[in-house]
Every structure is written in C-alpha cells, then in structure tokens.
Amino acid sequence: MPRSWAKWAGSGAAAVLLAGVLSGCNQTLPGAATGNPAVGECHLIVSPEQFDAVSEPSPPVPCTEAHTAQTYKVARVPAPLSGRGTRPGQQELKALTTRLCEVATLRAYLGARERDGTTGLAIAAYAPSRDDWERGARAVRCDVLLAADDGTPQTTTLDLKGVLAGHDSAALRLCYRQELADGRLNDDSVDVPCSEPHTAEDISAWFNLEGSVATPAARNARCLPYALQFLDVDALPAGITLRPIIRAVNGARTVRCAVAVSQSNVQSSPGTITGTLAPTGGRKRG
C-alpha cells in the first residue's frame, strides 16, 4: 500500500502529518487582520510565539520573497462552534486542523501525483483573532509549512502552488542516502531531501517486509509497477534501477520502494545524485 505522503522532517515514524502548530497558549498576537485570509498568500512567521498562536496575524509577503508558510486552503469554522459569539478555546480550534485542512487538498495544491512523496512539510491551521471573531469572521487559514530535520521552520522563496509538477520540486521530495558496506550499498539509509546528494528516491509505496518479499528479486517485482507509475513509463529506462530501502521502526521492518541511477561499480562510489528522477525534474550525478 502507498504510504501517507506528508511528514514532519526528522520524525522517526514512517509518515507523520503534523496536526497543526496550535499547541501553545490560546493567544492572539498584534498584527494584520485575520478575518479574510486568501489562498496563495505567503507569510514570514519568525517566532515560536507566532507559530504557536491560535491566530497568526503576520501580513502577507510576496511568495518570491523569503517566507515560511503558504496558505493552500481557506475553510470556514463549522457549526456549532461558528455560532458562538466568543471565540472557542485553543483545544476546540486545534481539533479542526485535520478536519478542515485535509491532505488531499494540499496534494492538489502542490501538484502532487499519486507516487510523489515529500519531506519537511507540515500543516497548520489558524483561526480569526478574538476581535475578528467577534466581528463575525469565521475563516480558518490552512497553511503548509517547511521545516528542517530538527523541526526548525525554514524559509523558502518558492511559490509552492504546483511546485511538485515543476523543476523546483527536489527540495520537497523524499530521497535516501545509503552508505557502502562490504562493497555494496546498505539496505537502510538516511532520509534527505532530493536537493541533497542521495542514492535513491522514494516513490511513495511502502509495504511490510514478510515472507513473500523476503528476496531482493521479490521486492523489486513488488516495487516495479509503482516505479513505472512514478517515472510515467512502460518499462524502466536505461540507467535507472529499482533500489528498495528496508527500514526498521518499533520492531517492524518496512520496505520503501525507491528508484536510483544504475551503478556499474558501487565498490568505488555510492553513486549519489542531486535532483529528482521524476519526469519534471533534472538531476546531477555526484
């Protein structure tokens, strides 16, 4: 089965979608009006207080300039919460994040195909400020955020609308960096964005390591249809190979299907590349 595609960078789980950054105090910070957010707006959120606030009042900035968040959907607080004259509490608003800011809408906004996996992305929802709520505002801002391995918010100058369908997608895609051991690449790896040197690229198809896929040939056979779908081809192109990754998490072993550049002599080089093997992206050999 394909795995969930959005994850918070650095998490040990196979796929973790951040439910929101509404974990801080039920506070409202001074700033721009929060009653009328718009899809496509970008925001530069620079402090932990801004990320943790129930409402996020930073003014929009051009998406071609440094920003940390981009609004991919605007939803409305549902009844019965919407009928309250005073803004609901932090926990009630936090519970709306996964309900209103669904992954499917974000996938469509990013231009993701079924086999496109990502890394370093999270979802946050921001409600109107207390004052805007009392004036009748009920819009919820659904933002996609970028983060480093340690969870630190990262700035970007990319407009994320449709980014996975274009040539600038490597920084958001999940790749793997393997090490050489005894003349061959390890089955396990370190997660890295595809914009960094790597040896294999995730194709968003994971399954449990069990008897039916105990051999490399069986794992390749299971991964092949996903690889062809990812590459949008009928047969593997020359120079491209399957390279399933085996990852142990909480005692369970999982196979992560991946594709890579073929190596004629892995004993002398791990064969790293930068970029993506997706049809829209270029790559550079390391």
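From the list Lys7, Lys73, which one is surrounded by 15 or more Cβ atoms within 10 Å (Cβ to Cβ) and at pLDDT 90 or above?
Details: Lys7 fails: at pLDDT 90 or above.
Answer to the check: Lys73.
To keep it simple, each residue is scored yes or no on (1) touching a residue at least 40 places away in the same chain (Cβ under 8 Å); (2) in a loop (DSSP other than H, G, I, E, B).
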{"site": "Thr64", "(1), (2)": "yes, yes"}
{"site": "Ala79", "(1), (2)": "no, yes"}
{"site": "Pro88", "(1), (2)": "no, yes"}
{"site": "Leu93", "(1), (2)": "yes, no"}
{"site": "Thr98", "(1), (2)": "yes, no"}
{"site": "Ala104", "(1), (2)": "no, no"}
{"site": "Ala108", "(1), (2)": "no, no"}
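When the residues of segment 203-219 are narrowed to those that are buried (at least 17 other Cβ atoms within 10 Å of the Cβ) and of a type outside the set (Gly, Ala, Ser), which ends up farthest from Thr118 (Cα to Cα)? Write out each step before concluding.
Of the residues in segment 203-219, the ones buried (at least 17 other Cβ atoms within 10 Å of the Cβ) are 203-207, 209, 213, 219.
Remaining after also requiring of a type outside the set (Gly, Ala, Ser): 203, 206-207, 209, 213, 219.
Numbers: Ile203: 10, Trp206: 14, Phe207: 17, Leu209: 22, Val213: 25, Arg219: 22 Å.
So, considering only residues that are buried (at least 17 other Cβ atoms within 10 Å of the Cβ) and of a type outside the set (Gly, Ala, Ser), the one farthest from Thr118 (Cα to Cα) is Val213.
Here is a list: Val261, Val233, Val266. Which entry is aliphatic (A, V, I, L, M), outside the structural domain of Arg115 (by TED's automatic domain parsing) and at pLDDT below 85? Working first, answer last.
Numbers: Val261 fails: at pLDDT below 85; Val233 fails: at pLDDT below 85.
Sole residue among the options that is aliphatic (A, V, I, L, M), outside the structural domain of Arg115 (by TED's automatic domain parsing) and at pLDDT below 85: Val266.
How many of the residues making up segment 220-248 are farther than 21 Å from Ala278 by Cα and touching a helix residue (DSSP H, G or I) at 6+ places or on another chain (Cβ under 8 Å)? Don't jump to the end; show me each part of the working.
Within segment 220-248, the subset farther than 21 Å from Ala278 by Cα is 246-248.
So of that shortlist, the ones also touching a helix residue (DSSP H, G or I) at 6+ places or on another chain (Cβ under 8 Å) come out as none.
Matching residues across segment 220-248 total 0.
For segment 171-189, state whether one or more residues are under 30 Å from Gln70 (Cβ atoms), touching a residue at least 60 places away in the same chain (Cβ under 8 Å) and in contact with a Leu (Cβ under 7 Å, 6 or more places away or on another chain).
Yes, some residue in segment 171-189 is under 30 Å from Gln70 (Cβ atoms), touching a residue at least 60 places away in the same chain (Cβ under 8 Å) and in contact with a Leu (Cβ under 7 Å, 6 or more places away or on another chain).
What residue, among those in segment 76-107 that are touching a Lys or Arg at 6+ places or on another chain (Cβ under 6 Å) and surrounded by fewer than 20 Cβ atoms within 10 Å (Cβ to Cβ), is nearest to Leu160 (Cα to Cα)?
Residue satisfying both the conditions and the ranking: Thr105.
Of the numbered conditions (1) part of a helix (DSSP H, G or I); (2) among the hydroxyl-bearing types (Ser, Thr, Tyr); (3) modelled with pLDDT of 95 or more; (4) more than 28 Å from Arg84 (Cβ to Cβ), Tyr176 satisfies every one except a single condition; which is it?
(1)
The values are calculated or read from the model by the stated rules, or taken from the named source; none is laboratory data. Since the structure is predicted, the reported quantities are computational estimates derived from the model, not experimental observations. Counting neighbours? That spans all protein chains shown, and the Cβs are built from the backbone with ideal geometry, glycine included.
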